[in-house]
Every structure is written in C-alpha cells, then in structure tokens.
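Reading through the structure tokens given below for one structure.
The values are calculated or read from the model by the stated rules, or taken from the named source; none is laboratory data. This is a predicted model, so every value here is computed, not measured. Cβ coordinates were reconstructed from backbone atoms using ideal geometry, including for glycine residues, and neighbour counts include every protein chain displayed. Only protein heavy atoms, including side chains, enter the accessible area calculation; ligands, DNA and RNA are left aside. Shrake-Rupley method; radii C 1.70, N 1.55, O 1.52, S 1.80 Å.
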Amino acid sequence: MGEQVITIPVVALRGLTVLPGMILHFDVNRQKSVAAVEQAMMGEQKLFLVSQRQPEIVEPELSDLYQVGTIAVVKQLVKLPGKVVRVLVEGLERGELLRLSEEEPALVGEIGSLELDEENLDHLTQEAMLRIVKDKLEEYGGVNPKITKEILPNLMTVGSLSEILDQVSIQLPWDYTIRQTVLESSSLSVKYEVVMHTLLAEMEIYRIKKEFQEKVKADIDQNQKEYVLREQMKVIRQELGEDNPLSDSDEYLKRLEAAKADKEVKEKLKKEIKRFSTMPSGSQEANVLRTYIEILLELPWRKCSKDNDDIKHAETILNEDHYGLEQVKERILEYLAVRALTKKGVSPIICLVGPPGTGKTSIARSVARALNKKYVRISLGGVRDEAEIRGHRKTYVGAMPGRIAEGMRQAGVSNPLMLLDEIDKVSSDYKGDAFSALLEVLDGEQNVKFRDHYVEVPIDLSQVLFIATANTTQTIPGPLLDRMELIEVNSYTENEKLHIAKDYLVGKQLEKNGLKTGQLSFSDKSLEKIIHNYTREAGVRNLERRIGDICRKAARKFLEDEKRSIKITENNLEKYLGKEKITFANANEEDQIGIVRGLAWTSVGGDTLQIEVNVMPGKGKLLLTGQLGDVMKESAQTALSYVRSVCPLYGIDDDYFEKHDLHIHIPEGAVPKDGPSAGITMATAMLSAVTEKPVLAKVAMTGEITLRGRVLPIGGLKEKILAAKMAHIEKVLVPDKNRPDIEELSAEITKGLSIVQVNTMADVLREALVPEDGT
Ligand code: ADP
C-alpha cells in the first residue's frame, strides 16, 4: 500500500490496546471520543484507535499518545444512559499517527499505513518458531489451567507463525502495554521475540505464584486434614460405643482454664492434655495420662478457704469439744494468735505429744473447726519409704502421688489443717529417707515449692497449718524435732476421765447409736467402775468404746423389751459389760524380801513394775532377764556396785559376792523395757535379797542411781504417780530433784498418797525397808 495516508477520527484509549484482528467492545464517554465515533459513523465508519501513554490524562495531545495504533471499523454502536456510547469494533490494520488536528468537536488524525519489514525468514525457520511457540503455549497451559480449557485448543490449530503471534497476543489476557509492544514490533522476528519473552515471563510468574499458593495451601491443608481426621475419629468412636476422649480433653482444657494454677503448671498441663487427645482411647498409656491429668486438676493450687481468725471463737470451740487440757488449749490459742497476727504460717509447727486416746487427734480436729479450715488427716504410722510421702514417678506402673499431695487433693484448698498423725512411728529404710521428705514438708522455706515425684510440678504447702501428733519424742530425729513446738498431752486421772465420760463421751455415744438423752443414763459410780475395772489406759479411748458397747446393748433392749429408759448403775453394769476385765496389779499383800515395786513410764502411760531379785550360790555373776535395754542393764550394774560397796555396813562378808550369783528379773518378760529410772528400785531389791531384810509392800519408787548412791531425777512423773495410785500404793519415793514436777501435780492426783522426796539411797532404804523393830 506504500505511502498511503488517510484522515479519520481518532479515539484515544485508556488502559487498552486494540490489535488488528481483535473484535471487542468498549465504552466511550469523553465528549471528543463520542464525537469521533459519531463522525466515523457518518463516513466510512473507520476509527483510529490509539492508546494513551498515561491513562489518567483527560485531554491528550499528540505527545501523550503512542505513535502506533490500529485502524478499526465500528461494527455496532449502542447509546447508554449518561452520554455513554458502547462501541463494538474490529481491528483492521496497524497505522501510524502522523498528525493530529482538532476539528471541533472531535480529534482527527492523518494516519499512515505501517507494513512489517521484509525479512529473510525461510519456511523451516518459521515452522520451527511456530512449534516453539506452540510448545511454550502448552507448557504455559500446564501452569495456568484457565488457558488450557478456553484458548489452547484454538491456538494449537493455527498454521502460520504470523497468525499464531497475533492470536496469542489477542487471546491471552495480557496487559495493554505488552500488546502495545507487540503492535509496535517492526518485523515478524521482533514480534516473535516479544511474544516469546512475554510467554516465558508469564510462565515464570505463574510458577512462582503457584509455588506460593501451594505452600500456603499446604499449611492450611495440614490443619484442615487434622480437623477432618479428628472429626472422623469422633464419629468412628461414637459408632464403636467408646467414650470420646476428644470431648474429655476439651473438658480438661475447660477445667484447666478455670483452675487457679500458676503459669508453669498450666503450661505443663496443657501440653499433657494435648498429648492425651492424640492417644487412642482405652490404651494403657492414655489411662495413665488421664489419671495424671485428673489428679493435677483436682489439686487446689491457689484456691483458698476463708479462715476465721477470731481467737475468742476458737477458745469457745476448744472448750466445747474438750474437758480440761487447760495448758494445751492455752498454748494452742497463743499459737493461733501469733498466726493470726503474722498472717502466715508460723514455724515451728505444733506437735502434740502424749499417750493414745488423750484427745490429740480430736484437738486438731477442733482447731480446724474453730478456724473454719478443711481438715485432712495423714496417718504416718508405719511409713518407711520416702515414696509414700513424696509419691512414685509417673513411669512406675500404678504410680500415685504421695500422701502429702493426696492430702492436698482431698482438702481441695491450699490452706487446710493437715494432721500428721503418729509422726513418731515413721521409720527409715534403704529406699530413701522418709524423714528427710518430712523435713522438707515442714520447713517454711522449702515447702513453698514442695516436689512430689508423681505430680512433677511444685506444690505450695506454705499456707497449710500442720499439726503433728506423737506418743513419744524418743523416736523422732533431732532435725525434725527442731522444727516442732512440743505440747505435752498427759494421761488423765480417774476423776478427769469421769468428767470426760459424763460431759462428752456419753452424749457422743448416745447420739452415735441413735439414743435420746433421757433414754439411757449412767450413774457416776457406774462410770467410775467402768474406768477402774473395765479399762486400763492413759487416755479415754477404751472408756469410750465400753460406753459405746453399753449403748448398743441398750438400743437392742429398747427394741426387744420396749423399755422406756435404762439407768446403768454399779450393780447392773456386769449385765452389760460382763465380768470385770482388769484386775489391777495391786500392791503386794505382804512385805517381802527381794521384791520391790518400781514405777515406769511407757508411751501408753504409766505402769508399776515389780522387780524381783534372787540370790543363789555361784561365782558372783549377775543375771538379768525380762528384755532389758542397754541403759537398764548398765543401771543394774551400777546398782550392784553400789550394793557391794555398802554391804559391809549390813554385816555381809567380803567374799559374799564371790560365792553367790544374783538374778534380777522384771516380770512381763515379753515387753521390752529400758531407761535408768529403775536404778534405785533394783538397788533396793538387791540389797533386800542380800541382807534378807523385807521391803514394805505398800511402797513404790522411781529414780536413777549413781555409783555413790545419789538419786537423780526422772521423767513422766505424773503418769507414774497415777499408776501407783491405781495399784493402791500408799507411799511413793521420788527423787528430790523432781520437786518442780511434784509441785505441779494437782491435789486430785496426790490425794491419799504420801510422796517422799529422796536424795540418796540411804533415804530410799530408810523409807522402803521394814524397820528392824517391826513398827
Ligand atoms: P489420740 O489422738 O490422742 O490418740 P483421740 O483424739 O483419738 O486420741 O481421742 C479419743 C477419743 O477421746 C475421742 O473421741 C476424743 O474426742 C475423746 N477425748 C479425748 N480427750 C478428751 C477430752 N479432754 N475431752 C473430751 N473428749 C476427749
């Protein structure tokens, strides 16, 4: 067509390039463009469509337009509301904008025709290029599935290079700037390069895009997959009728949320719950973990109950529950006062020491009631293994938390009153030291983070009010004793027992056995008889049991005989309790040689001990029987040495001991005995045996002896004196150095008893041996 130039209306396109062969419609609303379209319609319907370099310019000049555009024919024109015209055009050929003039109201341009440059591309080269384009298109289709379906099949059938380049540029959704570059390509090979370059670039972009998408999708998929699997598992489990661990773990998580635990604990539990949720339900491992999680969730952590700090209230309650025990109550109240003022756990902790049945446990329970605290009792009797206090590691089969952690779980609050019952009965063995675990429990510094092997996370025991009980302090190791404030609870006198029975035990037992107050009553004499003839104990436990026995029998009688009321008296007691059980080791009937009554203190109260000595021909040996401990044996040796040293005063020959053996026996041979306090008793018995002087039957004695015959003080005086009284002893010899203890004894205890304080063996012998003249 050579240098052909035509003058036709021009429409500037924004963000759009029309290529020859393209059929498309677009909306026109700029005044000038609308006018251009209208002008074209009046003529040959031809328009020159050229893109603006910058779409935002409203009144473009020549320089704002690309030079190369497309001559197009208007196929259809629709007027839309708002002066918008929608035109359907078909691109015919490339054209070059040579001049632009404004002929009101439209733009008109002189357009020169623009042929592609001639090239020496032979047929084979063109075919090769065609195939390459098709190959790349196929690849492109692989990464962009949209292309495959709609466009690819059409393109694959194209037979010439020039057409495929045009069709690719038209049909692929490329940006107008790329299309502009294609349009401007001066030759077929340039156009080929532009198209190939774009195809490769697009492909790369798609590949990268796909990679990104896949990565994100993989993340989402994983979550999605887990969710779906879980849901499926749930359904399968429901079908199988197994309980659903998923909902369990959800519930655990909910409970954990509500628990007042520390962050460390919560995190640990969360982890365990998550682990649990992935385990097959019913498996051994899941069950172990379930128990663990449940135990931990049941521990109180920081949950507290509110204390009642009113000391007056506490005093009322203690008095309400217990008769007497003035000193004990006073010390407990002082302790509570300090605790209320300092607002924290007071160390050392209280340890109530005394014989069984004297109300130690029940005082602790009263304290809990007074303070409005939860009460838990931990029985330490027979504990030997550290694991019993501290638990077994979770990995052991059947592992459980230790007694302390278990106690906390029972209490359900972190500030209960915890009774460590019978702390003196703990022993140690090769499996580790139960005592050292207890030390940690009772140490205010360490028990904030008490570690239980099973629980694994620290438990705070600092808010717990510990009270311990023990029968004796002898078996408690020093360091543990150091941490405790000892409060002694002594044996009761018969009179005290009578009061306790009348005011507390009878009422308690009546209620326990479903009887009303008026129905069954006890005369004082009957209670005294129960105390004296049916029980023998330091405390009142058996007394309470006997009263309980009577209540049960009475209850039966009420139902069988329709009786209205029953009164228990001295005379009908035997009907209920049978024959008297206790025949007291009464004082000897007559004064005897070589037999002396000693007084002993045991962890279950006081007792009298009859010491017997026999002399027989021999070689000066000392024979000891009756399960005596080392201290007692040494004490016997000391006594013997003393006796030998004083024998000349009694006219005994010097070689007496070379010709005689001495045998000391302490009856009730099966019961182990120890301690130095039988010293003066053994000495007296030996001397009596050797000198054949009788000892007064109604005398009992206690005291340690030295080589030179001095009498040293002893412990447990109250119990011993009570025992003497029970045995109807009239005179008790007591070391002078025990004077303070003697002064503390109430008149009730000493009534009817002559207590003689002795300093030396001479005093003892003077009081104990039957006077020469027989008076
Ligand atoms: P312990 O713990 O010292 O062995 P307990 O506390 O078990 O003794 O006491 C045994 C029973 O005796 C309990 O029922 C208790 O209430 C009662 N008891 C002990 N001492 C008294 C007392 N002083 N007043 C009222 N009841 C008492």
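Worth a mention:
- Those residues of region 57-86 whose amide nitrogen sits under 16 Å from the label point placed on S101, 7 Å along Cα→Cβ: 62
- Net +/- balance of residues flanking Q54 in space, Cβ distance below 15 Å, scoring K and R +1, D and E -1: -2
- Neighbours of L498, meaning other residues whose beta-carbon lies under 12 angstrom from its beta-carbon, give a summed charge of -2 when Lys and Arg score +1 and Asp and Glu score -1.
- Carbon and sulfur %, accessible surface of the chain computed with the full protein complex present, 1.4 Å: 50 percent
- Helix 245-258 axis versus longest C-alpha principal axis of the chain: approximately 70°, rounded to the nearest ten.
- Using alpha-carbon coordinates, inclination of helix 326-342 to the longest axis of the chain, degrees: 20 degrees
- Placing a label point 7 Å from the Cα of Q67 along the Cα-to-Cβ direction, the residues of region 166-188 with a backbone N closer than 17 Å are 180-187.
- Bridge type composition, the chain - antiparallel percent by DSSP, nearest 5: 60 percent
- Summed side-chain charge close to A106 - residues other than A106 whose Cβ falls under 11 Å, Lys, Arg +1, Asp, Glu -1: -2
- Estimated translational D of the chain in µm²/s (Stokes, Kirkwood radius over Cα pairs; 4 °C; 1.567 mPa s): 35 µm²/s
- Classification of region 123-205 by its C-alpha gyration tensor yields an oblate form. The axis ratio a/c (a ≥ b ≥ c) is 1.5 or more, and b/c is at least a/b.
- Length released on extending from E772 to R644, taking residue separation times 0.36 nm less the Cα-Cα span: 44.0 nm
- On the basis of the beta-carbon distance and an R0 of 60 Å, V235 and Q627 show a calculated FRET efficiency of 0.25.
- Rolling a 1.4 Å probe over the protein heavy atoms gives region 396-468 an accessible area of 37 Å² per residue.
- On the basis of the beta-carbon distance and an R0 of 41 Å, R302 and V216 show a calculated FRET efficiency of 0.45.
- Estimated Rh, region 494-577: Kirkwood, alpha-carbon pairs, angstrom: 12.6 Å
- Spin-label pair K579/V448, simplified geometry with 7 Å Cα→Cβ offset, distance in nm: 6.6 nm
- Taking each of K303/K374; K725/K751; K516/K575; K553/K579; K306/K374; K579/K720 in turn, the alpha-carbon distance tops 18 angstrom for K516/K575; K579/K720.
- Counting 0.36 nm for each residue step from K508 to D482 and taking away their Cα separation leaves a gain of 5.7 nm.
- Calculated FRET efficiency for the pair T475/E668, C-beta based, R₀ 22 Å, to 0.05: 0.55
- Based on Cα contacts under 8 Å between residues 6+ apart, the chain shows a relative contact order of 7 percent.
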